[in-house]
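First comes the structure, then the notes that go with it.
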Amino acid sequence: MSTEMRDIVLELETNLKRVRERIATACREAGRRPESVTLVAVTKNAAPEQIRGLISLGVSDFGENYAQPLAQRAAQFAEFHARRVASGDAAVAKELRWHMIGHLQRNKAKQLLPHLAMLQTLDSLRLAEELDEMCGKAGKRLPCLVQVNASEEPQKSGVAVGAAVHLAEQVATMPNLRLMGVMCMAAEGVPQAEARKTFARCAEIFEEMRHSRIAGEDMRHLSMGMTQDLEAGILEGATIVRVGSALLGSGNEGNLNDAPE
Ligand SMILES: *Cc1c(COP(=O)(O)O)cnc(C)c1O
């Protein structure tokens with residue numbers, strides 16, 4: 001390993017430890033086990049060496065906002081991962097999973113499918129119908145989360161709060177989609193209390209789906225919380241947090257829009 005690569009891995013290791021501690025502390029406060037929360041490393045602005053570093057450190061789940069980089073990176077790092085596994089490196093995860101966490105354009109879906117472990121941003125019936133058909137042809141059953149616009153910002157993607165349960169009912173009837181829960185984002189740069197309110201609203205929708213037995217036992221994931229508000233997500237029941245800048249440092253800070261609009 002080069003000195004430069006070693007420095008990158010050392011920094012990632014520190015960041016990863018800090019994020020895992022944040023998750024553990026929030027879990028303790030919520031009376032939950034830390035294993036009940038999956039960390040998805042958001043690599044949208046990460047350098048390839050950083051992704052290799054995270055894989056070497058045992059990170060298994062990765063998130064991207066756009067279809068094309070996701071497909072490319074999944075293919076590229078599958079080879080790296082396979083080599084590490086073949087060399088007997090016990091630190092790497094058994095399997096890498098790529099999550100789509102940005103809005104999916106229907107014309108980009110096909111290239112994405114072979115690489116995708118979970119689509120977290122299912123937000124319309126039309127997209128669901130097309131994906132169901134595509135997955136049928138590809139012989140794949142795709143794990144999905146319905147993205148809810150729980151912060152109720154007009155420009156935000158996601159299905160409206162009042163329409164989420166109905167969309168979930170419809171998706172649950174599609175044979176090639178495996179509905180597994182709900183995803184949402186809080187508004188950018190808001191205080192934790194405000195983020196928690198958004199997440200509580202999303203958790204309520206999730207509970208309503210469970211209560212109505214939509215998707216049965218599969219309905220078990222709540223994807224809520226990022227660098228700015230992962231504690232709020234966990235306190236409201238998140239089983240998945242999506243973290244970019246806290247792991248990847250300054251190179252990723254362009255995503256954090258701290259300034260109020
Ligand atoms: C970028 C992004 C994240 C990660 O954000 P950070 O603030 O860098 O942790 C999580 N979820 C979505 C949907 C994103 O676009």
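The values are calculated or read from the model by the stated rules, or taken from the named source; none is laboratory data. All values derive from a computational prediction rather than experimental measurement. When we count neighbours, we look across all protein chains shown, and the Cβ atoms used for this are built from the backbone with ideal geometry, even at glycine. The area values use the complete protein model at the heavy-atom level, side chains included, leaving out ligands, DNA and RNA. Shrake-Rupley method; radii C 1.70, N 1.55, O 1.52, S 1.80 Å.
General remarks:
- Accessible carbon and sulfur surface of region 1-144 relative to its total accessible area, %, 1.4 Å: 49
- Listed residue pairs exceeding 30 Å between alpha carbons, taken from Lys140/Lys197; Lys17/Lys110; Lys44/Lys140; Lys137/Lys197: Lys140/Lys197; Lys17/Lys110; Lys137/Lys197
- For Lys94, the aspartates and glutamates whose Cα falls under 16 Å of its own Cα, not counting residues fewer than eight places away in the same chain, are Asp61, Glu79.
- Packing-based ranking of 43-54, 17-28 yields 43-54, 17-28, ordered from highest to lowest mean Cβ neighbour count within 10 Å.
- FRET efficiency estimate (nearest 0.05) - Cβ-Cβ, Ser36 to Ala86, R0 30 angstrom: 0.45
- Where no second cysteine Cβ lies under 4.7 Å, the cysteines concerned in the chain: Cys27, Cys135, Cys144
- Per residue accessible area of the chain, 1.4 Å probe, in Å²: 48
- Helical runs assigned H by DSSP (4 residues or longer) give the chain a calculated mean residue ellipticity at 222 nm of -14000 deg cm²/dmol, each run adding -39500 (n - 2.57) before division by the residue total.
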